[in-house]
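Below: one structure, written as structure tokens.
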Amino acid sequence: MNAGYGTEGQPASRLPRRGTHLFDRRAPIRRSGATVKLPLRTHLPTIAMTYSRRSFVIHSLSATGALAASGLALAQTAAPALVKDTDANAVALGYKTDGSKTDVKKYPKYAASQNCANCALYQAKAGDSAGACPLFAGKQVAPKAWCSAWAKKAA
């Protein structure tokens, strides 16, 4: 037996004194003669476990995989934005979407044959409408563009 917890009719000598335990939340003790009567101890309702730990882990992993796959599909469908001439990094490098409009007085190093398509930093296949450049992370540059960081592509 539980030494009086949740039982009725136990002799007073076998029951602990009220308030002696840190978590004692019993109702006030009702005395009738030499016997202490306690209300039955109530428990929180237990929720029946319908899933085992194994099925929970399997379902969690499959849901996580599905979310990751859908996020990857969305990321692949959205093409990175093109660099604009007004971006802060583009202005600092003298980037122009149309290389023929480059200010020759401000950038005397510019030549008409230089563009992103024949730059060593340009990362795209021949014929692509845009490609990546490590100078403009997360954005793409036009193949006919030019900036002051242009370097001749090795043959």
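The values are calculated or read from the model by the stated rules, or taken from the named source; none is laboratory data. Quantities reported herein were computed from a predicted structural model and do not represent experimental measurements. As a convention, Cβ positions derive from the backbone with ideal geometry for all residues, glycine included, and neighbour counts pool all protein chains shown.
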Worksheet item: Any residue at all in the range 112-128 that is in contact with a strand residue (DSSP E or B) (Cβ under 6 Å, 6 or more places away or on another chain), without any contact (Cβ under 8 Å) to a residue 24 or more places away in the chain and part of a loop (DSSP other than H, G, I, E, B)?
Response: yes
Discussion item. If A137 satisfies all but one of (1) more than 21 Å from A154 (Cα to Cα); (2) hydrophobic (A, V, I, L, M, F, W, C); (3) buried (at least 16 other Cβ atoms within 10 Å of the Cβ), what's the number of the condition it fails?
Written reply: (3)
Worksheet item: Given the structure, is S70 modelled with pLDDT of 75 or more, outside the structural domain of A142 (by TED's automatic domain parsing), over 30 Å from A145 (Cα atoms) and exposed (fewer than 10 other Cβ atoms within 10 Å of the Cβ)?
Response: no
Discussion item. Just the residues that are within 18 Å of P80 (Cβ to Cβ) and among the hydroxyl-bearing types (S, T, Y), please, taken from the range 115-155.
Written reply: Y122, S129
Worksheet, complete the sentence: Taking the range 78-111 and keeping residues farther than 12 Å from Q140 by Cα and assigned to a strand (DSSP E or B) leaves K96
Item to complete: Could you check how many residues of the range 141-155 are closer than 13 Å to A130 by Cα, part of a loop (DSSP other than H, G, I, E, B) and aliphatic (A, V, I, L, M)?
Response: 2
